[in-house]
Amino acid sequence: MDHPLLDLISAKIAEAERNGDFDNLPGAGKPLPRVDDPENALLRRVMEENHAEPEFVTLSRKLKDLRAELAAEGNPDRRMEIMKEMSMMDARIAMARKGWTG
């Protein structure tokens with residue numbers, strides 16, 4: 001079964017072609033850029049255009065901050081708390097990375 005808006009979409013595209021809206025687009029006549037991960041190419045592009053990042057990247061930054069905090073901390077009790085947080089962060093990063101790659 002065709003989508004109910006298929007005729008309208010086709011008409012809009014045909015109108016845009018007649019009006020020359022697709023003429024002289026950047027990259028016209030050139031091959032599409034190679035993508036390493038075609039299954040996630042659209043998702044990655046949308047994220048880049050919206051300045052978003054995968055959760056594991058955000059968590060990795062937090063882990064880096066925890067490492068710096070650990071290096072500067074002298075209190076043994078607080079150091080133990082930070083190491084526990086780092087351990088949990090490692091696990092969260094692994095889960096987020098697995099969710100990202102499938």
Task: Answer label for Rg and Dmax of the Cα atoms in Å (calculated), chosen among (i) 22.6, 75; (ii) 16.9, 61; (iii) 23.7, 73 - done: (iii)
Task: Most positive-pole-ward Cα, ASN40, ALA71, LEU5, against dipole of region 1-92 from beta carbon charges - done: ALA71
- [ ] Using the Cα centre as the reference, give the magnitude of the dipole from point charges on the C-beta atoms of the chain (Lys, Arg: +1; Asp, Glu: -1; all else neutral), rounded to the nearest 20 debye.
- [x] 520 debye
- [ ] Kindly identify region 54-102 as rounded, prolate or oblate by the Cα gyration tensor criterion: order the square roots of the eigenvalues as a ≥ b ≥ c, call it rounded if a/c is under 1.5, otherwise compare a/b with b/c, prolate if a/b is larger, else oblate.
- [x] prolate
Open item on the list: Mean Kyte-Doolittle hydropathy of -1.0 or higher plus an axial Cα length of 30 Å or more: which whole DSSP H helices in the chain meet both?
Closed with: 76-101
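Values in this text are rule-based calculations from the coordinates and carry no lab data. Please read all numbers here as calculations on a predicted model, not as lab measurements. All Cβ positions, even for glycine, are placed from backbone atoms using ideal geometry, and neighbour counts span all protein chains on display.
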